[in-house]
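I have a structure I would like to understand better, so I am pasting it below and will then ask my questions one at a time.
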Amino acid sequence: MKQIKSLIMVVSLGLVSTATQAQNLNSGYFADGFLFRHNSNPAFSNKQGYFSMPGIGNLNVNINSSLRVDDVIRTVDGKTVLFIHPKVDAGSFLSAVNEKNKVAVNVKEQILGLGFKGMGGYNTFEINARANVNAIIPGSILRLAKEGVENKTYNIRDLAAHADAYGEVALGHSHQINESLRIGAKAKVLLGVANADADFSKAQLVLGEDEWVGVTNAEIQTSIKKMEYKMEETTRGPEGDEHIHRYVSGVENTKWGVDGFGLALDLGAEYKLDEDWAFSAALLDLGYIGWKNNYVASTDGDKAVHTSTHIFNVDDEADNSFEKEGDRLLEDLSALYELQDKGNTGKRSRALDAIMNIGVEYTPKFYKKMSLGLMNSTRLGKYGCTDFRLSANVAPTNIFSASANVALGSFGFSFGWLLNFHPNGFNIFLGMDNTPVKLAKQGVPLSGGGNVNIGINFPFGKNKTKSTAIL
């Protein structure tokens, strides 16, 4: 199973198989007229009801990585090469590598959406399709790939990845308690389609003069309706002492459908201190999905691997050229993660990664159509990340509002914005929490991240009173 080779390829392509924080537009948290603020805090309400255009009422796609594409893909002698090329300066590359390099991708598509006033408050109904991919890549594995010819001990544990896909049916209610306090909740029924968790809890590699010795412990759990692990065989070992290795190389005979069922809850509150100051907080995705199947592949405890020494030559014609020796190196490294099929172990449950949002907003007395907001959004759990976002928000007319903001957090610095047009009976918005400055030819952000949120909706009902939500 070419996990190491796949890892390097994924990093080199900008980790495109991998949000900033969540599948909600944080740039719209304080924006007047943005219909989906309730996704970031269920206490928020709207001035009017709405129904969404099916499939495109609220589409949010996020990509983020603490590694930049232009850090791992370089140009050498006019050629595009990976960071492991001998002519790429090790110091230049390793200065961009963290101890734990995080990758995240979230996609949320609203299939149906409705908001309306009633039952003494504001109500929402949504059917969403959601998908998440998160990964942690230890810096030691990248240093190993770059410095593999040196005699060192590498601890490359804590390599981990998670992916899931599920449907969500959500019903929310926001209620005014008094002039200052508003609370809200959203109940969700979750229909699981696929889940995978890969955990490489132990991986140590000692590089000696004559051989490399590695010890690993890894496990992959996959939950879908039906599947089988695909097996491959290869011959490893020194000449005269070769052994046949049989290992998991992929999946096959898959059958897709609903394989899991779960419940989740969003909770939120907003408090308006006076005409100038407002505070808000929310906890999102408090819940779990229980899966019917759990197909396991593992090293079955600690696995020891012995490999040969690799010496690179920049001469493309040499037997140990960068390309040829690189292939042998990746082949040897892949032996560290040869997994065995342990079969279907039955039911398992996995909690969602909960999100905590906290916001404070100031509306200046000299211009009530503008506000300044500070928001923190933190994803909890193993793949946790956080950012702090400072925004300026304006609503100069009844049909247009906008936000511009800057953020600093786990994935570095980003610039976000929102343009929201909402004349009577029609709403269209476009926003980004992380605006990519430059894209590769394949559309991958060279900065390591980017996101886009777009939607078309149809508000209804008269706007008789000013919203009591934080605006």
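With (1) at pLDDT 85 or above; (2) open to solvent by less than 50 Å² (accessible area, probe 1.4 Å); (3) in a strand (DSSP E or B) as the list, and Gly257 as the residue in question, which single condition is left unmet?
Status for Gly257: all satisfied but (3).
Considering every residue within the stretch 165-174, establish whether at least one is more than 20 Å from the chain's Cα centre (by Cα) and surrounded by fewer than 18 Cβ atoms within 10 Å (Cβ to Cβ).
Applying the first criterion (more than 20 Å from the chain's Cα centre (by Cα)) to the stretch 165-174 yields 169-174.
Narrowing the set further to residues that are surrounded by fewer than 18 Cβ atoms within 10 Å (Cβ to Cβ) leaves 169, 171.
Yes: the stretch 165-174 contains one or more residues that are more than 20 Å from the chain's Cα centre (by Cα) and surrounded by fewer than 18 Cβ atoms within 10 Å (Cβ to Cβ).
Filtering the stretch 212-236 down to residues that are open to solvent by 80 Å² or more (accessible area, probe 1.4 Å) and part of a strand (DSSP E or B), which residue is modelled with the highest pLDDT?
In this case the residue turns out to be Lys226.
Of all residues in the stretch 417-448, count the ones that are in contact with a strand residue (DSSP E or B) (Cβ under 7 Å, 6 or more places away or on another chain), at pLDDT below 70 and surrounded by 20 or more Cβ atoms within 10 Å (Cβ to Cβ).
The total comes to 2.
Kindly establish whether Phe366 is at pLDDT below 95 and either of a type outside the set (Val, Ile, Thr) or closer than 21 Å to Leu283 by Cα (or both).
Here the answer is yes, as Phe366 does meet what is asked.
From the list Gly381, Gly301, which one is on the phi > 0 side of the Ramachandran plot, open to solvent by 50 Å² or more (accessible area, probe 1.4 Å) and modelled with pLDDT under 90? Spell out how you get there, then give the answer.
Details: Gly301 fails: open to solvent by 50 Å² or more (accessible area, probe 1.4 Å).
The conditions single out Gly381.
The values are calculated or read from the model by the stated rules, or taken from the named source; none is laboratory data. Since the model is a prediction, treat every value here as computed from it, not as a measurement. Note that each Cβ is placed from the backbone with ideal geometry, even for glycine, and that neighbours are counted across all protein chains shown. Keep in mind that these areas ignore ligands, DNA and RNA; they rest on the heavy atoms of the full protein, side chains included. Shrake-Rupley method; radii C 1.70, N 1.55, O 1.52, S 1.80 Å.
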